[in-house]
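Novice: Here it is, the structure, as structure tokens.
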Amino acid sequence: MKTKPYLTLADAEFLLNTAHEYAIEHNFNVSIAVVDETGNLLAMKRMDGASPMTANLCLEKAKCSAISRRPSKLFEDLIKGGQMGFLTMDSFTGMLEGGEPILHEGHLVGAMGVSGVRSFQDAEIAQKAIEKFLAKI
């Protein structure tokens, strides 16, 4: 039997708080979600001033990234490139930039999703938090 790392609640809170601090530093009002490797929610935060819609979008972006093990931007780019079949998948949403997988020692341990600013900024927030998290472990 093999063993693999996984995110703890403390890990999810570190990721969430790191992303939150980055967003504050850049005057962004966003919603942030951290999910486990199966796409199930571990922690979430909607900042004051963030649109209610962003709460759902950040979670869906995180789920998309966890289930696919890829940044959610990949699917946005595929759809923009004409592969419209992805839009017919009822069980797979959040195919917008801003979802990032969390990989540790070659294992997917979870994903982050951010929503509320321009999509490349959503992704940047998640990427910076993940980089800081991976550097500390």
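The values are calculated or read from the model by the stated rules, or taken from the named source; none is laboratory data. These numbers come from a predicted model, not from an experiment. Cβ sites come from the backbone with ideal geometry, for glycine too, and all protein chains shown count toward neighbours.
Novice: Residues L103, L134: which one is assigned to a strand (DSSP E or B) and over 16 Å from L59 (Cα atoms)? Quick ask: steps written out before the conclusion?
Specialist: Details: L134 fails: assigned to a strand (DSSP E or B).
Answer to the selection: L103.
Novice: Does at least one position in region 33-42 carry a residue that is touching a strand residue (DSSP E or B) at 6+ places or on another chain (Cβ under 7 Å), buried (at least 19 other Cβ atoms within 10 Å of the Cβ), part of a loop (DSSP other than H, G, I, E, B) and modelled with pLDDT of 95 or more?
Specialist: Checked against the condition, which is being touching a strand residue (DSSP E or B) at 6+ places or on another chain (Cβ under 7 Å), buried (at least 19 other Cβ atoms within 10 Å of the Cβ), part of a loop (DSSP other than H, G, I, E, B) and modelled with pLDDT of 95 or more, region 33-42 yields at least one hit.
Novice: Then there's this: Among the residues of region 96-118, write down those that are surrounded by fewer than 22 Cβ atoms within 10 Å (Cβ to Cβ) and either in contact (Cβ under 8 Å) with a residue 24 or more places away in the chain or within 22 Å of L41 (Cβ to Cβ) (or both). Before you say what the answer is, go through the steps one by one.
Specialist: If we filter region 96-118 for residues that are surrounded by fewer than 22 Cβ atoms within 10 Å (Cβ to Cβ), which is where we start, we get 96, 103-109, 117-118.
Hits for region 96-118 are L96, L103, H104, E105, H107, L108, V109, V117.
Novice: Please verify whether region 64-79 includes one or more residues that are among the small types (G, A, S), in a loop (DSSP other than H, G, I, E, B) and crowded, with 21+ Cβ neighbours inside 10 Å. First the steps, then the outcome.
Specialist: Looking only at region 64-79, we keep the residues that are among the small types (G, A, S), and these are 65-66, 68, 72.
From the residues that got through so far, the ones that are in a loop (DSSP other than H, G, I, E, B) too are 72.
This time we only want the ones that are crowded, with 21+ Cβ neighbours inside 10 Å, so: 72.
Looking for residues that are among the small types (G, A, S), in a loop (DSSP other than H, G, I, E, B) and crowded, with 21+ Cβ neighbours inside 10 Å, one finds at least one in region 64-79, hence yes.
Novice: Of the numbered conditions (1) under 18 Å from I130 (Cβ atoms); (2) touching a Lys or Arg at 6+ places or on another chain (Cβ under 9 Å); (3) among the hydroxyl-bearing types (S, T, Y), T93 fails exactly one; give the number of that condition.
Specialist: (1)
Novice: Now, a different point. On the given criteria, is G106 modelled with pLDDT under 95 and within 12 Å of the chain's Cα centre (by Cα)?
Specialist: Values: modelled with pLDDT under 95: yes; within 12 Å of the chain's Cα centre (by Cα): no.
Criteria not met by G106.
Novice: May I ask you to list the residues in region 43-60 that are touching a Leu at 6+ places or on another chain (Cβ under 9 Å) and either in a helix (DSSP H, G or I) or of a type in the set (D, E, K, R) (or both)?
Specialist: Within region 43-60, K45, L57, L59, E60 qualify.
Novice: If I ask for residues that are in contact (Cβ under 8 Å) with a residue 24 or more places away in the chain and loosely packed, with under 14 Cβ neighbours inside 10 Å, which ones from region 7-32 would you list?
Specialist: L9, H26
Novice: Just to check your reading of the model, which residue among A50, A12, A55, A43 is of a type in the set (G, A, S) and closer than 12 Å to I102 by Cβ? It would help to see each step written out before you state the result.
Specialist: Numbers: A50 fails: closer than 12 Å to I102 by Cβ; A55 fails: closer than 12 Å to I102 by Cβ; A43 fails: closer than 12 Å to I102 by Cβ.
Only one candidate qualifies: A12.
Novice: Report yes if F133 is aromatic (F, W, Y), buried (at least 17 other Cβ atoms within 10 Å of the Cβ) and more than 9 Å from the chain's Cα centre (by Cα), otherwise no.
Specialist: Details: aromatic (F, W, Y): yes; buried (at least 17 other Cβ atoms within 10 Å of the Cβ): yes; more than 9 Å from the chain's Cα centre (by Cα): yes.
The answer is yes for F133.
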